[in-house]
Amino acid sequence: MLLPARNILLTGILALAVAAPSAAASPFTENDYWSYADRMQLRLDSTWDAKAGRYRPGGGGTDSMVNADMLVTHSLAALNGHDGAARNDARARSIARALVTDAYTTTKPRLGKASHRHAPGWTNSMHGSGEQHMVYDAAVAEGLAQAFRAREELDLPESTVELIVDRVRAVAAGSYWRYPALKLNQINWYA
């Protein structure tokens, strides 16, 4: 079936528009990224609970992931010597400690779908109970890895550094993640 000439023309224009990058668009510089991170930090500041020492983003099982993501941001800001809202060493120290204690389970799996229960591992909650899924392990391990890299810049206490090493090592070596136990065909998560 032949397309009407108008449809062929529109299809061609659309293909060119998708294939050709805009001359006006330029890549972000490092300063552009930090400026964006600072603006987003200001939007998230209202979720910081100073008494609890962590972000409280609300329901939906996002506590561990949001705090882990913010730990990545705060840690990278420290590593890069950034001086802006995205850098908050005190919050990073508090979050790192909470992720290796409150969100971590060592001996028995927490609530959740039976196929995702495992110990050791992390949960989606930072206050005593929560569900488990491999995505929480991955997000928290990434946050803790960045905090470990920035341990000197963040002035992390040695006790927290030791717990980071212990917890990440224990989860990575646990039977839930150890080969050949592939979960949901996510072989790339092992990398």
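Scanning the range 45-73 for residues that are among the small types (Gly, Ala, Ser), in contact (Cβ under 8 Å) with a residue 40 or more places away in the chain and assigned to a helix (DSSP H, G or I) returns Ser64, Ala68. Each residue in the range 155-178 was checked for being in a loop (DSSP other than H, G, I, E, B) and at pLDDT below 95, and 5 pass. If I ask for residues that are of a type in the set (A, V, I, L, M), buried (at least 21 other Cβ atoms within 10 Å of the Cβ) and at pLDDT below 85, which ones from the range 97-150 would you list? Result: Ala103, Met126. Summed over the range 1-58, residues that are of a type in the set (Val, Ile, Thr), modelled with pLDDT under 55 and open to solvent by less than 100 Å² (accessible area, probe 1.4 Å) total 3. Note on the range 74-96: among residues that are assigned to a helix (DSSP H, G or I) and open to solvent by 30 Å² or more (accessible area, probe 1.4 Å), the one that is nearest to Gln146 (Cα to Cα) is Leu76.
The values are calculated or read from the model by the stated rules, or taken from the named source; none is laboratory data. Since the structure is predicted, the reported quantities are computational estimates derived from the model, not experimental observations. Note that each Cβ is placed from the backbone with ideal geometry, even for glycine, and that neighbours are counted across all protein chains shown. Quick note on the areas: whole protein, heavy atoms, side chains included, nothing else; ligands and nucleic acids left out. Shrake-Rupley method; radii C 1.70, N 1.55, O 1.52, S 1.80 Å.
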